[in-house]
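Participant: Quick one: this structure, given as C-alpha cells, is what I'll be asking you about.
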Amino acid sequence: MRISVAVITYNWPAALELVLRALAVQSELPFEVIVTDDGSQPATRELLECVARDYPVRLVHLWQPDDGARMSRARNRAIAAAQGDYIILLDGDMVVERHFIADHHAFARRGCFAQGSRVLTDAGLTRHLLEHDLVMPGFFSRGIERRRHTLHMPLLARWYARPSTKRRGIKSCNMAFWRDDLLRVNGFNEAMTGWGREDTELAARAFHAGLLRSDLRFSALAVHLHHPTRKHIVDNPNDRIVDDTRTRQLIRCELGLDQHLAEFITAPADLRSMPK
C-alpha cells in the first residue's frame, strides 16, 4: 500500500516548512508528499526547492494561478497526480505527530474513509512553534484547545475507529480516502469556491456511494497552527450546494477530479531530481 500525502498551501511558507519537516521524520514514511498550491507567491517554491535537497521521499509541487480560493480544484489536482493507493489530505498549517502516517496506515480499511482530529493552538504558541525547534505540545501545554487530541492511545483508538455514518465534524484538514473511492465520486466539487463546506459535500457523496466513516481519535495526531478564520460566513453559497447534494442523493459531482486526469497521465516531477 502506497500512501500519498496531499498538502494544500497558500502563501504561508513558514507553516509549510514545519508541516514538511514533521512528515520527513515519521516512524513510517509516506510514498510521496504532494504540495498543492492555490496560487502562492514565489517564496513557497523557493522553500520547496530548498527542502527537496535532502527530503527522504518523493516531493511534488503543483501550482495553480491565484484566482480566489479554489481549494477543491487544488486538492483534485493533487489526487489526480497522486501515485499512491491511499491519499491523506492535510492542510498546510497542520503539523503532525511522528506516528501520523503509521496510524493512518493501521486504520485504513476498504469501504471507509478516515476522519482525523486536531489540536488547536493560540497565537502565542503558534508563534513559538514557528520561531523555535519543532516540539509537539503535550496534554499539559499552554496555549492549546482540545487537548485530548494530544493523547496517543492505540487501544482506545480502535474503539473510536468503528465504521459509522456520522455526519458531524467533517474536516479535510486531516482526512484520508482510497484513491479509487475518490475517483468513483469524482473528488471535490469545484463548483464550490471561497471558504468551506467542500469537505462536507464530498463526505455526503461518499456516504451516498455506500462508504462509511472511520474516526481517528487518539491516533493520527496533528496540531493546527493558529490563524484568522473565515468560518462564520453568513449565507455561504456553498451551503446551498451541500443541501442540493443531499436532497438529490448525488454520488458524483459534475465539475470534479476527472477533468485533471489527462494532465497527470505522466507523473509530475520529483523536486529532488530537478536541476539545482
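Every read-out reported here was derived from the displayed coordinates using simple, explicitly stated rules and does not represent laboratory data. Here the structure is a predicted model, which is why all the values come from computation and not from measurement. When we count neighbours, we look across all protein chains shown, and the Cβ atoms used for this are built from the backbone with ideal geometry, even at glycine.
Participant: Using Cα-Cα distances under 8 Å and only pairs 6 or more residues apart, what relative contact order does the chain have, in percent?
Facilitator: About 27 percent, as a whole number.
Participant: Can you give me the distance in nm between label points at ALA43 and THR193, each placed 7 Å from the Cα along the Cα-to-Cβ direction?
Facilitator: Going by the 7 Å Cα→Cβ label model, 2.5 nm.
Participant: Okay, moving on. Could you size up the charge dipole of the chain around its Cα centre, putting +1 on the beta carbon of Lys and Arg and -1 on that of Asp and Glu, and report it in debye to the nearest 20?
Facilitator: 1060 debye
Participant: If you count, for each residue, the other Cβ atoms within 10 Å and average over each peptide, how do 1-8, 75-82, 210-217, 140-147 line up from highest to lowest?
Facilitator: 75-82, 1-8, 210-217, 140-147
Participant: Report the full-extension gain for the segment ILE251 to TRP159: residue separation times 0.36 nm, less the Cα-Cα distance, to one decimal in nm.
Facilitator: 30.3 nm
Participant: Just report the Cα centroid separation between the stretch 75-136 and the stretch 206-276, whole Å.
Facilitator: If we compute the Cα centre of each part, the gap is 13 Å.
Participant: Still on this structure, I have one more. For Cα extents along the principal axes in Å, which listed value, [x] 41, 40, 38; [y] 64, 39, 32; [z] 50, 45, 40, comes from the coordinates shown?
Facilitator: Only one listed value fits the structure, namely [z].
Participant: I want the antiparallel fraction of DSSP beta bridges within the chain, as a percent rounded to 5.
Facilitator: Close to 35 percent.
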